[in-house]
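Read through the structure below, which is laid out as structure tokens, and then see the notes.
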Amino acid sequence: MRDGDHEHHAEHQASAVSPLELRVRALETVLTQKGYVDPKALDALIDAYQTKIGPRNGARVVARSWCDPEFRRWLLEDATAAIASLGFSGRQGEHLVAVENTEDVHNLVVCTLCSCYPWAVLGLPPTWYKSAPYRARAVKDPRGVLREFGIELPESVRIRIWDSTAEVRYLVVPRRPAGTQHLSESDLAALVTRDSMIGTGLARAPA
Amino acid sequence: MSYRSNADLGGSVEHGAIIQEPEGELFHAPWEPRVLALTLAMTATGMWNLDMNRAARETLADYRKLSYYEIWLAALEKLLADSGVLQESANPPPRVLRAELVAATLARGTPFERAPARAARFAVGDKVRTRADQPAHHTRLPGYARGKIGAVTRVHGVHVFADTNASGLGECPQWLYTIAFDERELWGDDSAQRSIVSVDAWEPYLEPA
């Protein structure tokens, strides 16, 4: 239901409005009439997360850290300030910590209690990040979870899991792929996937 | 008074698959973005805070049956009902988030760090034991990490305390630490993931070990 099927299904249902849709419309109508919400603000909020605040922001942070040792040091020391210098800050990113993958350590981020996620750099979390199976297993069976994402780490790599239980938000800095010395910062950013910044993926190899 | 969170899932048995999702696929029904925006806009009025949102969500009796945005919707309805907003005689909101302020409001966020009133009790490297009891209110120490021995690996400063903030008892800021646990401390001697798990824990969750 999460791909083309879903859209297809939605098209068929276009004439019938779902009970959930009606509930939400009713709520929006009454809150607007009572002066609690500005419908244009709702549009602006949605637009912000659809077009401005998403994982391409985090990818820029990672690519910069790969290219600029001074920035990398700053990022690992004070991620909130370093990331703000690139123009990313605010809601669900007020207190950021960047954790770097190395030959010996692979970082994985989860929120077992709800769905805390670094919105300021990654946007809205994917459905699986908020789902019971991921939240249940990431802390106890991280290698199993990584295998589901197609990642088999060598035994020698220690897995470091960060459960986001307060207002600190974690950004994983994936390892820079081999053979990318010649690439520009923006080409590098294109290799940085959302999942690689959660820890359920690796940065892509260059084409 | 009993309090039960249905959202504390770490380490529980979950057989479902993790269904991957392409980047940029944010919503799965037209009402979902409206619920997201309504929730953010209502939190911005200042009538309740983020921790109250979380408490409202995790105590939904049918939490485990609902999708993520269904949880948000049901919690929003609950908070509205509790606050009397939908009644005829409701007071006007303290603030209203206007469209022209959205970008600045998101960029500012809601910082949770406060000035320290006293020195931190623990330092990096200290061994600590987490509280074992289950408090009868919203809390952020996951069940799997209760009554366990770990080490302080980071000190984050003084942050708004979720437990009191969720209960309407004020911010009561507390020192916040990252506490790292060896996998065997959490899951037993058979655990062989070569992993370390950390949680972020406020000082009242901790005692010296």
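The values are calculated or read from the model by the stated rules, or taken from the named source; none is laboratory data. Note that the structure is a prediction, hence the values are computed from the model and not measured. We place every Cβ from the backbone using ideal geometry, glycine too, and count neighbours over all the protein chains shown. When the accessible area is computed, the model is the full protein with side chains, heavy atoms only, and any ligands, DNA or RNA have been set aside. Shrake-Rupley method; radii C 1.70, N 1.55, O 1.52, S 1.80 Å.
From B:Pro93, B:Pro111, B:Pro142, which residue is closer than 30 Å to A:Asp43 by Cβ and crowded, with 16+ Cβ neighbours inside 10 Å? Show your work before the answer.
Numbers: B:Pro111 fails: crowded, with 16+ Cβ neighbours inside 10 Å; B:Pro142 fails: closer than 30 Å to A:Asp43 by Cβ.
Only one candidate passes the filter, namely B:Pro93.
Do we find a residue being on the phi > 0 side of the Ramachandran plot and open to solvent by 20 Å² or more (accessible area, probe 1.4 Å) anywhere in segment B:18-38? Within segment B:18-38, one or more residues are on the phi > 0 side of the Ramachandran plot and open to solvent by 20 Å² or more (accessible area, probe 1.4 Å). Of the residues B:Ala37, B:Ala29, the single one that is facing another protein chain (nearest Cβ under 8 Å), of a type in the set (A, V, I, L, M), under 21 Å from A:Glu21 (Cβ atoms) and assigned to a loop (DSSP other than H, G, I, E, B) is B:Ala29. Tell me yes or no: at least one residue of segment A:147-165 is touching a residue at least 60 places away in the same chain (Cβ under 8 Å), over 13 Å from the mean Cα position of the chain (by Cα), within 9 Å of another protein chain (Cβ to nearest Cβ) and farther than 28 Å from B:Ala166 by Cα. Checked against the condition, which is being touching a residue at least 60 places away in the same chain (Cβ under 8 Å), over 13 Å from the mean Cα position of the chain (by Cα), within 9 Å of another protein chain (Cβ to nearest Cβ) and farther than 28 Å from B:Ala166 by Cα, segment A:147-165 yields at least one hit. Of the residues in segment B:43-63, not one is without any contact (Cβ under 8 Å) to a residue 60 or more places away in the chain, facing chain A (nearest Cβ under 7 Å), aliphatic (A, V, I, L, M) and open to solvent by less than 50 Å² (accessible area, probe 1.4 Å). Taken over segment A:16-63, residues that are assigned to a loop (DSSP other than H, G, I, E, B) and surrounded by 14 or more Cβ atoms within 10 Å (Cβ to Cβ) amount to 6. Here B:Ser195 fulfils each of the conditions (1) over 23 Å from A:Gln92 (Cβ atoms); (2) surrounded by fewer than 22 Cβ atoms within 10 Å (Cβ to Cβ); (3) not aliphatic (A, V, I, L, M) apart from (2).
Considering only segment B:114-135, how many residues are among the small types (Gly, Ala, Ser) and either at pLDDT below 95 or surrounded by 15 or more Cβ atoms within 10 Å (Cβ to Cβ) (or both)? Let's see the steps before the verdict.
Applying the first criterion (among the small types (Gly, Ala, Ser)) to segment B:114-135 yields B:115, B:117, B:119-120, B:123, B:125, B:132.
From the residues that got through so far, the ones that are either at pLDDT below 95 or surrounded by 15 or more Cβ atoms within 10 Å (Cβ to Cβ) (or both) too are B:120.
Matching residues across segment B:114-135 total 1.
Considering only segment B:198-208, how many residues are more than 12 Å from chain A (Cβ to nearest Cβ) and either open to solvent by less than 30 Å² (accessible area, probe 1.4 Å) or not in a helix (DSSP H, G or I) (or both)? Result for segment B:198-208: 3.
Would you check which residues across segment A:137-146 are surrounded by fewer than 23 Cβ atoms within 10 Å (Cβ to Cβ) and either under 20 Å from A:Asp104 (Cβ atoms) or in contact (Cβ under 8 Å) with a residue 12 or more places away in the chain (or both) and list them? Don't jump to the end; show me each part of the working.
From segment A:137-146, those surrounded by fewer than 23 Cβ atoms within 10 Å (Cβ to Cβ) are A:141, A:143-144, A:146; that's our starting set.
A:Arg143, A:Leu146, listed by residue number.
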